[in-house]
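Undergrad: A single structure is presented below for examination.
The values are calculated or read from the model by the stated rules, or taken from the named source; none is laboratory data. Computed from a predicted structure; not experimentally measured. Please note: Cβ atoms are built from the backbone with ideal geometry, for glycine as well, and neighbour counts cover all protein chains shown. Just so you know, the surface numbers come from the protein's heavy atoms only, side chains and all, with ligands and any DNA or RNA stripped out. Shrake-Rupley method; radii C 1.70, N 1.55, O 1.52, S 1.80 Å.
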Amino acid sequence: MSFVRFWRARLAVVLLIAAGLASCYVPDDFKAEIRVASNGDFAMSYEGILTWAPLYSDIKDGKLAPADIPAKIALFEEDLRRDTNFKEIKSIGKGRYQVRYERSGHLKGSEMVSFIRRNALILYIKPTPDGTATIAANMPKGERMENLLAMGLEIKGILRVSTGVQALRGNADKVKDHGTYKTYDWHINRGTKAAPTIVLKLGT
């Protein structure tokens with residue numbers, strides 16, 4: 001078995017070990033935007049850093065032999081590249097990747113749109129058959145947040161939701177009216193107390 005194939009075989013084990021984190025990929029220094037139209041069309045973008053927390057921790061704590069690190073970095077880059085909505089992925093060392101992600105489509109029934117994916121959830125849009133759509137960020141809390149901070153990782157960035165439809169409720173830090181649409185902004189950092197959330201009424 002080749003060295004890279006060996007680490008690929010270990011990936012499932014690593015995913016299970018890392019399941020204690022809210023998301024194994026930690027977002028940092030990012031700008032994310034979600035746009036939703038009244039007919040359910042959407043666009044989602046993310047530009048910034050994603051850090052695979054377990055790998056970052058192992059490298060930081062010297063738990064990996066230097067010769068092993070490049071293969072593991074390549075392994076998790078390959079994991080991201082499985083999603084073709086990633087337009088750019090560049091390793092910047094220690095399990096950190098500079099990325100650009102762009103996705104668009106149409107909301108259907110109760111099918112959730114997730115970034116990155118359900119088992120590594122950072123942002124999501126969750127429509128319901130009654131015509132509402134919840135947009136939210138998945139934020140670690142309590143011990144999970146403390147674990148990230150102890151590792152030297154912090155979630156920092158800006159989330160923007162742009163839409164012309166009615167917002168039923170939400171907790172944005174800033175709302176700006178642009179006439180035909182509004183923008184809802186959240187400045188996310190260690191001081192963020194509640195997960196950024198907004199509920200929209202589609203068709204309005």
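Undergrad: For a Förster distance of 25 Å, can you work out the FRET efficiency between the beta-carbons of residue 150 and residue 84, rounded to the nearest 0.05?
TA: 0.10
Undergrad: To the nearest 10 degrees, how steeply does helix 142-151 sit against the main Cα axis of the chain, on a 0 to 90 scale?
TA: So the helix axis and the longest Cα principal axis differ by about 50 degrees.
Undergrad: If contacts are Cα pairs under 8 angstrom and at least 6 residues apart, what is the relative contact order of segment 114-204 in percent?
TA: It rounds to 32 percent for segment 114-204.
Undergrad: So I have (i) 110; (ii) 185; (iii) 122, and one of them is volume of the Cα convex hull per residue in Å³ calculated from this model. Which one is it?
TA: (iii)
Undergrad: Within the chain, what is the longest stretch that has no trypsin sites (Lys or Arg not before Pro) placed in a DSSP loop and near at most 14 other beta-carbon atoms within 10 Å?
TA: 1-62
Undergrad: Right, something else. Work out how much length residue 173 to residue 111 would gain on full extension: take 0.36 nm times their residue separation and subtract the Cα-Cα distance, in nm to one decimal.
TA: Fully extending the segment from residue 173 to residue 111 adds 19.6 nm.
Undergrad: Angle, helix 69-81 long axis vs. longest principal axis of the chain, Cα atoms, 0 to 90°, nearest 10?
TA: So the helix axis and the longest Cα principal axis differ by about 30 degrees.
Undergrad: Tell me, what is the per residue accessible area of segment 50-150 in Å², probe radius 1.4 Å?
TA: I get 50 Å² per residue for segment 50-150.
Undergrad: Would you please name the GluC sites (Glu not before Pro) within segment 46-120 that are DSSP coil residues with at most 16 other C-beta atoms within 10 Å of their C-beta?
TA: Taking segment 46-120 and a limit of 16 other Cβ atoms within 10 Å, the loop GluC sites (Glu not before Pro) found are 111.
Undergrad: Structure shown: which of 108/182; 31/141; 60/126; 72/108 lie over 26 Å apart, alpha-carbon to alpha-carbon?
TA: 60/126; 72/108
Undergrad: Tell me, what does the Kirkwood hydrodynamic radius of segment 144-204 come to in angstroms if you use every pair of distinct C-alpha atoms?
TA: 13.1 Å
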